[in-house]
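The values are calculated or read from the model by the stated rules, or taken from the named source; none is laboratory data. A quick note: this is a predicted structure, and the numbers were derived from the prediction, not measured. Reconstructed Cβ throughout: ideal geometry from the backbone, glycine too, with neighbour counts over all protein chains shown.
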Amino acid sequence: MDLSSYLLVGAVLFVAGVVCMATKRNGIGVLMGVELVLNGANINFVAFANYTRLGLDGQVISLFVIVLAAAEAAVALAIALSFYNNHLTIDVDQANQLQG
Amino acid sequence: MTGHQLLFWVFAAVTCGGAIAVVLTQNVVRMAFWLIVSLGASAGLFFLLNADFVGTAQLLVYVGGTLVLLVFGVMLTASGPFSKMQTRPGELFLAGVVAILLLGLLGSSVCSVEWDRVIAATNSGHQITNQQSLNHGFNRPEEGNTGHPLGMAFLGMRPDRDLVAGNKTLSTGYLLPFEIASVHLLVVLIGAAYLARAKRRVHPNEL
Amino acid sequence: MDPQTLQTTGLTLKWLLTIAWLLPLLGFVVELIGGGWVWGRYSKNAAYLSVMCIVTGFVCSFIALMTWGNATEWSALKDHGATHGTSHAEPSRHASGVDAHGAPKPAAEAAHGHDDHAKPVAKDAAHPAHDDHAKPAAAVHVAADHAHGTPHHAAPKVVFTGIFYRLAQFGSLDISLSYYIDSLTLVMFTMVTFIASCIHIFAIGYMSEELTDNYADHQVHTSHGHLHRPGRFHRFFSFLSLFCFSMLGLVLAGNIFQVFIFWELVGVCSYFLIGFYTERKSASNAANKAFIMNRVGDFGFLIGLMIVWTWFGNFQFGDLPAHGQTQPGLFSMVRGNDGQMKLHVPESGQAEVVFKNQDNHIQTKPNGEQRTIPYWLLVAAGLGVFGGCIGKSAQFPLQTWLPDAMEGPTPVSALVHSATMVAAGVYLVGRFYPMFTPEVLLVIAYIGAITLFLAATIAVVATDIKKVLAYSTISQLGYMMLGLGLGGWAAGLFHLITHAFFKSLMFLASGSVIYGCHHVQEMPQMGGLRRKMPLTAYTMLVGVIAIAGLAIPYVTLPGGEPIAFSGYHSKDAIVATALTYMNLNGHHLLFFLPLAGAGITAFYMFRLWFYTFAGEPRDKEVYERAHESPWVMVGPLVVLSFFAAFCAFGGEKGLLFKLLLDSEPASVPGGYVAQTEYLSQGLLNLKLPSHEAIHAKHDRAGTLALIMAFVGAGCAYLVYGVRWVNAAEIKQQFSGIHRFLVNKWGFDEFYDMLFVKPTHVVAGWCSAIDRVIFDGFLHASAKAAVKVSDWDRQFDETIVDGAVNTVGNWTFAIGRSLSVVQTGRMRNYVMFIAVGLLGIFALLIMFFPN
Amino acid sequence: MMPLIAANSLAEYVLESILWDFPGNGSVAFTIAALVHVVLILTFFGVAPLVFIWLERKVAGRIQDRLGPTRVGGRFGWLQTLADGVKLIQKEDLCPADADRMLFRMSPYLVFVASFGAFIALPFGNGFVVQNLEVGLFFMLALMSLEVLGVVFAGYSSGSKWALFGGMREAAQVVSYEIPMAICALVPVIATGSLNLVEVGHFQAGGMGNWLIFQNPFTFVAFFVYFTVATASVKRAPFDLAEAESELVAGFHTEYSGIRWSYFFMAEYASMFAVSGIAVFLFLGGWYDGFGIIETLDRFVLDNGCGWLGQYTVNVIGLAIFIAKGTSLVFFQMWVRWTLPRLRIDQVMMTCLKYLLPISCTLFLGATVWPLFLHSMTAGQTDIIRAPMGDRAYSPRPAAVQPLHKSHSAPHPAPAAAIIREGSGKEA
């Protein structure tokens, strides 16, 4: 298989994640979209690491992405719980206090 | 069709299908399930890409850790039976159009690049040979089994760079980012615990 | 004297005098700190330290004098004694003319022997015996001896000069701390330190009232009665120390610039001390007056300094080694070492004085021309410097500050008005003497004469005991100036020294009286005090006799000495000079004024003594409370009275006069002969008397002066001693004159009319101009500015603000309409990002198809 | 290209000995090897629970002073489990009306796959490993952590309160216990310097003294901590809160029946063996007997040129030894189950977070410091880096060929920086 196949898979994951973020009204769903986007990026990194002569960099960066995604998920969940505690819902459209 | 190709198509199909299923599903728990499927399959893609450590980390951290948290969150924030969180059809349509355009854009970008030339351009000339890496007990990244090299890289040493013959300069590896990420994780742990800690809610009728 | 000895002596003198000079400064600093913070304000340590410093200074000065004498083997005494002793020993020959003395030098003969003013003299011919066998060594310069040049008179005039510290050097101009030591310096040092020591000791007693934290000043009235303030004992003594330091520095100074610096320091110290009772309005006014009038004189001094700097490029008195060769000092440049100026009259133009160097050769510029200074500028420089002396020595017309300065504590008066500050002016005239042209000397003489008469007449009517002494001081200073101006260099300075002794004695005695009478100063409240304070009275009497110049006529001591106190000798010398001068040049006033002054002096001094000490007490209360002062005050009186009586022992054959004579400028002894060059320039035709001529007139002048003194003293005795004539009746009889004299000849009013009132008038004009023209202009421009700014405001509010507000409104409206996009919903933002990304790529593809 | 399912060992045997002149490229050989492995593991995965469930019944019976199964398949009831299995397959596949049907059906597979997948990296002996992953231990822990997702989904999708409670308890418990388990597993890994279980096994050759449990005091304690935590992470009693029948009927699998229910149990018993296998490799010497028998046989085979068959025979002996050790640990878990009472959920969580986690962290720290301590105490006689990692970084050797015997006291004291310099120097 060549590099572009993996990149296309990453692109699909990315687009799915973006659409997920854009359409899901559930906060957890938005979070899942973020995870999909990050995973699409990870596939790209690892694919480049494998197919080019850039060595370990891609894998290392994808590891960092995974770690930071875990951190992000923890914080985002904490935010979601806090949001839920305050609004009694997880609908992110209710969080429009910044509306202009 | 070789085994690799076969496996790639299987994993790619599961990954993409899982992702699309996540988008299309309305039930959050099912979304989580499909997400697990998608991410697990992408871990398989990592294995195919000889990144066994990354794939394993994906399974352990992402699937085994993060998604359990997500599911937890889903269950803790279950909304009442009457609150429907339906997205408006117009938005869905717009999202679909944007998705198709975005996919087309990304796909055309991927396909329009001559990757062979790009890969050739990345050849720095200081590549460790197979025999060299074997002599030192390391596999090249493209040969899989990258656990040891990654470990060394996190400790501040790059076997694939530093062991090249005639290379006199030592790279610094990823020790500092690794440490920063560690501290970051700790901070996040504390911060998340603080944010999500139980707060006594004051009801108006209690006052 | 071999150069080695000279050098050693020079160094010794330098360091001894430097110690004597700097010790008071050290004392000042330590007292200031110690009195302020260490000992506390009410310790006598300041006084002890101050006395210690000044007494040590006196010891050093005295040792220096002895060292100098030993090094020169007292040649000054021997030689002059030989020369002049004969003339004194043969008073009968005075009238027979100077030729009998047989001065061997042709020039001297010519000068002495002929009254013919027009006779030309070849100056350079006057140096057959010019010898410069004593070459300068290091910082020691030995000038050639003066023009007598007798075979036995081989000892040169010895001057030690050099530089302590060079502040800056511009070409030949040295701005430096230097020293100039000759016998005058040494005598001045010894005198100043000795008298200052006495006064310091006296002051310990006199100022002891200040040793309290609640000193009651009875002359200052506040709403709560008398002023009560903390005592200022240590401050007084620290200022005294600083004063002594300044005066000694002035005397030691080796250049005119340094003199000026210490001159001003002396001035500021006198300001502090006169204004010591600063709460008294009169005291602070007096301090201001003294300071300001001194500045008037110093203005002239500064002009003189500028001329000197501009034309001579040199401030040094003596010759100094510089750059491997000897840099001639001011004196050498003007007069060479023969004491004569070389005049040069170009074809068309003014007379010029040619500069010489120390070897009497003419100085030239690099282009071969002679270096010269216009004669009139030299006159102006001399007048300028003398202007400073007028201020400092309270000469006419700047004399009015001195009586007011009696507001200071009496020891200050004693110090300022006898030995130090006022002496500085006389000293400077003496020191700067070679620079003065005959015209300047004439001015000095006239100023001195006027001053002495004027002050004496005022003293006659003064009733404040210190005021009498103050006018007496002015008068005596006039004598000194007169003597110097007439060519009696040694006579003037001789009187300076003797006067310092007896005047400080009298001031201290008056201080003792004031102290004993509890600060009563008015003589009409006194009388008969000799029974209460005999020591004070009789020491005072010594001073009175000394200043009056009384002597026992026709009775001489075995050595041919007249039985007389110091004042007789010194005043005698001045009157003799004046007589000789009158005989040579006319100018009769210059003789008759001092002669009359001698009588008036005797009158008012005895009037003072009789008023105070003799007769019956006029004010019982004062008399009852009066008492003799403690020994710490009376002791100095006794010591000083001894010196007042005997310091001039021997007169012109005596020790003091000879010491002074050793420093006499080379131009003086032979007299001065007018020259044709001067006459052709329309300059004054003046001759200065030679020593020999003065000796010739000595006895006659002395007799006249003595008669006048006896007349004066007798009048005083008749009026105030036995009260044969009622003074009040005389006063009534001559009430106009009396009022005129009490008003001090109307000088204060005159100055008020001449300076103050015109100043007020001019100031009124200026103020009017200011109000009408300048203020009007300002107001008009201010109104114009207001108007313009009003227009500006209109412009600002309508156009600028309008533009800004319009833009702001547009922005607000646009922002309001765009805020619809700000949905606050996260999902929409994600969509915006995605659409934006697509848009960017669409644009990219549109504009960059490849 | 490196296929996913192909082992260094078995695939090499297939390639080098049987099929080395097989027409075509290696992918056919790899495919054959993969199929063989799948069959073998599935077989094991199917058979082992049968045996273990039977064993459990017998052990429970004996401990409770009764006989347990005695009839089916003979005197000891050998076939009792098989009979149960047949019965379960025959049962109707029920699904509650309120259940989320899709998740309800998928959950058992998820659990099953996760548990099954863990065996990919578990070596059963020298060479008997599906995929000799360099990060084998990591991989096993990762896959076993997926099991909990299936449990949670099962609990959620059942539409039952009991099931939901069980699932949530399971999630909380397993997520908590994974952490000390991983840390404890790292303690012997520090000593060996490798995550490759085959290498860890080789490391412990040469007698019981070389077993990692006796490596240092910390590994010794770590073994017991690990075993406790592992018991909890496979939700065995006394930590079986997820299926606490006294409170929650049957916990997360209350609504399950038939073959789907049996999947859960197959996964549970497989997981028991998996964690026991990890314990054996990390602490108890892997396939080595501890008395030098295997080593002697290895030497003998090498010296006498017995070829692959001799080697294979020795490996089979090692496999038997490994399975015996693992089964012993499983037996031990059963023994504990029927001995100790069940804890409350708060006690379970407290045990983990307040005791086991700090203890494991302390052990981890101690294990890292221990070599330095030993180095200083013995005045430099021991090496700071004595693990395969340092060994391999220092001495060039073929990575693919594992040495049969590892010298424990290979003197290679050079620190990391010197390693690189010397390595590149040799290269030049």
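With modelled with pLDDT under 85, closer than 30 Å to D:L195 by Cα and more than 12 Å from chain D (Cβ to nearest Cβ) as the only criterion, which of B:Q132, B:Q127, B:Q86 stands out?
On the way: B:Q132 fails: more than 12 Å from chain D (Cβ to nearest Cβ); B:Q86 fails: closer than 30 Å to D:L195 by Cα.
None of the others qualify; the one that does is B:Q127.
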Original post:
Taking the range B:33-57 as the region of interest, how many residues are of a type outside the set (S, T, Y) and either under 17 Å from A:F14 (Cα atoms) or touching a strand residue (DSSP E or B) at 6+ places or on another chain (Cβ under 6 Å) (or both)?
Top reply: 10
Original post:
Within the range C:599-695, which helices (runs of 4 or more DSSP H) (wholly inside it) include 1 or more residues that are out of contact with any Ser or Thr (no Cβ under 7 Å at 6 or more places or on another chain) and at pLDDT 85 or above?
Top reply: C:631-646
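If we scan the range C:403-417, do we find a residue that is among the hydroxyl-bearing types (S, T, Y), out of contact with any His (no Cβ under 7 Å at 6 or more places or on another chain) and over 27 Å from C:N255 (Cβ atoms)?
Our first condition is that a residue be among the hydroxyl-bearing types (S, T, Y); within the range C:403-417, this holds for C:410, C:413.
Now drop any that are not out of contact with any His (no Cβ under 7 Å at 6 or more places or on another chain), which leaves C:410, C:413.
Subset that is over 27 Å from C:N255 (Cβ atoms): C:410, C:413.
Yes: one or more hits.
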**OP:** Considering only residues that are more than 7 Å from chain B (Cβ to nearest Cβ) and at pLDDT below 90, look in the range A:7-26 and name the one that is farthest from A:E72 (Cα to Cα).
**Re:** A:K24
Original post:
Quick check: is even one residue across the range C:580-588 in contact (Cβ under 8 Å) with a residue 12 or more places away in the chain and closer than 22 Å to C:F507 by Cβ?
Top reply: no
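Hey, does the range C:756-772 have a residue that's farther than 30 Å from C:L541 by Cα, under 33 Å from the mean Cα position of the chain (by Cα), hydroxyl-bearing (S, T, Y) and surrounded by 13 or more Cβ atoms within 10 Å (Cβ to Cβ)?
no
Residue under question is D:V111, and the condition is that it be touching a Ser or Thr at 6+ places or on another chain (Cβ under 7 Å) and surrounded by 21 or more Cβ atoms within 10 Å (Cβ to Cβ); does it hold?
Spelling it out, it is not the case that D:V111 is touching a Ser or Thr at 6+ places or on another chain (Cβ under 7 Å) and surrounded by 21 or more Cβ atoms within 10 Å (Cβ to Cβ).
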Subject >> Matching residues, the range D:323-343, being surrounded by fewer than 18 Cβ atoms within 10 Å (Cβ to Cβ) and among the hydrophobic types (A, V, I, L, M, F, W, C) >> reply: D:A324, D:F331, D:F332, D:W335, D:V336, D:W338, D:L340
**OP:** Might you let me know whether the range D:374-382 holds any residue that is out of contact with any Ser or Thr (no Cβ under 8 Å at 6 or more places or on another chain), surrounded by fewer than 13 Cβ atoms within 10 Å (Cβ to Cβ), at pLDDT below 55 and of a type in the set (G, A, S)?
**Re:** no
Original post:
Any idea which of D:A191, D:A182, D:A172 is part of a helix (DSSP H, G or I), modelled with pLDDT under 85 and within 11 Å of chain B (Cβ to nearest Cβ)?
Top reply: D:A172
Original post:
Any idea which residue in the range D:286-343 is farthest from the chain's Cα centre (by Cα), counting only those that are in a helix (DSSP H, G or I) and basic (K, R)?
Top reply: D:R299
Original post:
Within the range A:55-74, can one find any residue that is within 14 Å of chain C (Cβ to nearest Cβ), in a loop (DSSP other than H, G, I, E, B) and among the small types (G, A, S)?
Top reply: no
Original post:
Hey, among the residues in the range D:140-168 that are polar (S, T, N, Q) and assigned to a loop (DSSP other than H, G, I, E, B), which one's surrounded by the fewest Cβ atoms within 10 Å (Cβ to Cβ)?
Top reply: D:S160
Original post:
(1) free of Cβ contacts under 8 Å to residues at least 12 places away in the same chain; (2) part of a helix (DSSP H, G or I); (3) of a type in the set (A, V, I, L, M): which one isn't true of B:L39, the others all being true?
Top reply: (1)
Subject >> Which numbered condition C:T811 fails, given (1) surrounded by 10 or more Cβ atoms within 10 Å (Cβ to Cβ); (2) out of contact with any Phe, Trp or Tyr (no Cβ under 8 Å at 6 or more places or on another chain); (3) β-branched (V, I, T); (4) at pLDDT below 90 >> reply: (4)
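What do you reckon, is A:A78 more than 30 Å from B:G151 (Cβ to Cβ) and either more than 10 Å from chain C (Cβ to nearest Cβ) or not in a loop (DSSP other than H, G, I, E, B) (or both)?
So A:A78 passes the test.
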Original post:
Exactly one of (1) part of a helix (DSSP H, G or I); (2) without any contact (Cβ under 8 Å) to a residue 24 or more places away in the chain; (3) among the hydrophobic types (A, V, I, L, M, F, W, C) is unmet by D:V72. Its number?
Top reply: (1)
Original post:
In the range C:456-468, which residues are within 14 Å of C:Q399 (Cβ to Cβ) and in a helix (DSSP H, G or I)?
Top reply: C:A456, C:T457, C:I458, C:A459, C:K467
Original post:
Can you tell me how many residues in the range C:600-621 are buried (at least 24 other Cβ atoms within 10 Å of the Cβ) and either in contact with a Cys (Cβ under 6 Å, 6 or more places away or on another chain) or small (G, A, S) (or both)?
Top reply: 2
**OP:** Scan (1) under 16 Å from D:F119 (Cβ atoms); (2) over 19 Å from the mean Cα position of the chain (by Cα); (3) modelled with pLDDT of 80 or more for the single condition D:V47 breaks and write down its number.
**Re:** (2)
Original post:
Pairs under 9 Å by beta carbon, first residue under 15 Å from A:A80 (Cβ atoms) and within 7 Å of chain A (Cβ to nearest Cβ) in the range B:187-198, partner β-branched (V, I, T) and surrounded by 11 or more Cβ atoms within 10 Å (Cβ to Cβ), six or more apart or different chains?
Top reply: B:V188/A:V75; B:G191/A:V75; B:A192/A:V75; B:A192/A:I79; B:L195/A:V75; B:L195/A:I79; B:A196/A:I79
**OP:** Determine whether A:A49 is closer than 30 Å to B:D116 by Cα and either among the small types (G, A, S) or modelled with pLDDT of 85 or more (or both).
**Re:** yes
**OP:** Only residues in the range A:36-55 that are within 28 Å of A:V19 (Cα to Cα) count as the first member; pair them with residues that are assigned to a loop (DSSP other than H, G, I, E, B), Cβ under 6 angstrom, at least 6 apart or cross-chain, and list the lot.
**Re:** A:V46/B:L49; A:V46/B:A51; A:A47/B:L49
Original post:
Is there a residue in the range D:116-139 that is at pLDDT below 85, over 19 Å from D:I278 (Cβ atoms) and either in a loop (DSSP other than H, G, I, E, B) or in contact with a strand residue (DSSP E or B) (Cβ under 7 Å, 6 or more places away or on another chain) (or both)?
Top reply: no
